[in-house]
Amino acid sequence: MNARFYAPDAREVETDIILPDDEAQHLSRVLRLQPGDPLAVFNGDGGEFGAVVSAVKRARVTVRLVSRTRPPAELPIALTLAQAVLKGDKMDAVIRDAVMMGIGSIQPIVTARCEVTVAALTRGDRHERWHRVAVSSAKQCGRAVVPTIAPPIAFDGPASLAHLPSPQFLLVEPGATEQSARVAGLGNVAPAAATLIIGPEGGWTPDEVGRCAGHAHPLGVGGLTLRADAAAVVAAAALLTRWNLV
């Protein structure tokens, strides 16, 4: 299988494009490809191409798109993940796994029990880092779509997530609320779009759960408490299985 490279400028066959700097360095310094070598290129918007290396000049790599190929199909549901920002590099792992699960977009949120602020995330340029993680995960798993990662926002109840698709499912810990439903109790027909909302290491506050009542459906995935960095992939897998999409 040919190595895959991310090139957002890839649009039409029989055209030459220049790879982004980090992709060019990987091609030339790590894989040491040479002119004439085949590769695969995807643009992050669903386009996938067969290509060949045209020229390698230090940090500048030109490739020629020679054919349009068909990547794996995307999920038939537009599934958004609203994920509370986790400590350290755990958020990287969540984004990596969300891309591999077929999530269409990711909205990082800062909740009451997050140990970081929106301002600190902005200063640390975490948004750009998360995009690079998403690109790397798409390259690895074969997707031609790189999910949109929105800038982080403060979570202030359902109004702060009103721009995200409905229905919305708030993953809650066992016993957090008597109104929570199990995945097995949901209908098996997938909606056109949905949002999965996941809390931080310390979980949701009772106030946050109460304020979401009537807006987001509280959802449980069993009687055990999940690790925060595993909750999204477990819940997404459960929902997609219930909807017969995996």
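Numbers below:
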read-out: Selected residue (only one of ALA98, ALA138, ALA134 is touching a Leu at 6+ places or on another chain (Cβ under 6 Å), at pLDDT 95 or above, small (Gly, Ala, Ser) and closer than 21 Å to ALA193 by Cβ); value: ALA98
read-out: Meets criteria (in contact with a Cys (Cβ under 7 Å, 6 or more places away or on another chain) and either part of a loop (DSSP other than H, G, I, E, B) or not assigned by TED's automatic domain parsing to the domain that holds ALA82 (or both)) for PRO200; value: yes
read-out: Residue, nearest to THR241 (Cα to Cα), within segment 41-57, restricted to residues that are surrounded by fewer than 18 Cβ atoms within 10 Å (Cβ to Cβ) and touching a residue at least 24 places away in the same chain (Cβ under 8 Å); value: GLY46
read-out: Tally of residues being small (Gly, Ala, Ser) and touching a helix residue (DSSP H, G or I) at 6+ places or on another chain (Cβ under 7 Å) across segment 200-227; value: 1
read-out: Enumeration of residues in segment 156-169 that are in a loop (DSSP other than H, G, I, E, B) and either closer than 23 Å to LEU75 by Cα or modelled with pLDDT of 95 or more (or both); value: ALA162, HIS163, LEU164, PRO165, SER166, PRO167
read-out: Tabulated pairs, segment 112-129, first of a type in the set (Val, Ile, Thr), second surrounded by 14 or more Cβ atoms within 10 Å (Cβ to Cβ), C-beta under 8 angstrom, 6+ apart or interchain; value: VAL116/VAL85; VAL116/VAL110; THR117/VAL110; VAL118/VAL110; VAL118/PRO152; VAL118/ILE153; THR122/PRO152
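The values are calculated or read from the model by the stated rules, or taken from the named source; none is laboratory data. None of the values given here were measured: they were computed from a predicted structure. Cβ: placed from backbone, ideal geometry, glycine included. Neighbour counts: every protein chain shown.
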